[in-house]
Structures are given as C-alpha cells and as structure tokens.
Amino acid sequence: MSATIKTVKEVLAHLRADPGMVDTLSDTADLINDVSLDSLELLQLMLEVESRLAVRIDFEKLEYSDLNSIAVLANFLDSMPSNHISNAGGGS
C-alpha cells in the first residue's frame with residue numbers, strides 16, 4: 001500500500017470514527033458509492049489529506065472520476081504540487 005493510499009484510508013477512518021477501516025477498506029473502494037461520503041465529508045477529507053500530505057490540491061483539475069477509488073484519488077494527489085514553502089530566493 002502506498003503512503004498516499006494509507007493516508008487517505010487513515011483520514012477516512014477518522015471521519016467515520018472507525019479505526020479498523022484502514023485495514024478493511026479496499027484500495028478500489030469508491031468514495032461516493034462504497035464509503036458513502038457526503039459533500040461535507042468529501043471536503044473534510046480533501047482538506048485533511050491536503051494538510052497531511054503537504055500538497056496543494058488544484059480543485060479545478062479534480063474530476064468526479066478521481067473519486068471512483070481510493071487508488072485513483074491517491075494517484076491524483078501524488079500529481080499535485082508540494083505545499084512546502086521553499087527558500088527560492090536563497091540569500092545569506
């Protein structure tokens with residue numbers, strides 16, 4: 001299991017108050033139909049995953065099909081830019 005998939009499952013388990021979900025939820029589980037997340041829970045999921053993975057989710061690129069499975073969502077998240085603040089100006 002990739003680190004991103006594990007993070008998504010951990011956040012889902014937290015949202016559902018079901019720690020066992022991390023081990024029982026399939027990587028192919030559909031977030032809408034299988035996990036039954038509503039719109040508020042989806043937003044909570046995205047914000048928490050964004051924070052834990054330190055990525056900046058481009059919601060304009062997020063497609064409904066990215067929610068078809070945890071693995072597909074993880075691939076989408078892995079393609080998002082890092083939210084780490086860089087010292088691009090250097091300086092000393």
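Read-outs: derived from the displayed coordinates by stated rules, not from any lab. If you're wondering where the values come from, they're calculated on a predicted model, not measured in any experiment. Virtual Cβ from ideal backbone geometry, glycine too; neighbours counted across all protein chains shown.
Each other residue within a Cβ distance under 15 Å of T4 adds +1 if Lys or Arg and -1 if Asp or Glu, for a net charge of -2. Using C-alpha pairs below 8 Å separated by at least 6 residues, the relative contact order for the chain is 33 percent.
In 5 Å bins starting at zero, report the fraction of Cα pairs in the chain per bin as a rounded %. Values per bin, smallest distances first: 3, 14, 25, 26, 15, 7, 4, 3, 2, 1, 0. Candidate membrane-span-like segments in the chain, meaning DSSP H helices with Cα atoms spread over at least 20 Å of their own axis and a Kyte-Doolittle mean of 0.0 or above, are 39-53, with no membrane implied. Tally Lys/Arg at +1 and Asp/Glu at -1 over every other residue whose Cβ is under 11 Å from the Cβ of E50; what's the total? Neighbourhood net charge equals 0. Counting every other Cβ atom within 10 Å of each residue's Cβ, M46, M1 order from fewest to most as M1, M46.
Only helical runs count toward this figure. For the chain, summing -39,500 (n - 2.57) over DSSP H runs of n ≥ 4 and dividing by all residues gives -13000 deg cm²/dmol at 222 nm.
Dipole check for the range 1-72: with +1 at the C-beta of Lys and Arg, -1 at the C-beta of Asp and Glu, and the Cα centre as origin, the magnitude is about 240 Debye.
Neighbour counts of other Cβ atoms within 10 Å put S2, S39, S69, S51 in the fewest-to-most order S39, S51, S2, S69. Among the chymotrypsin sites (Phe, Trp or Tyr not before Pro) found in the range 1-89, those both in a DSSP coil and sparsely packed, with 15 or fewer other Cβ atoms within 10 Å of their Cβ, are F59.
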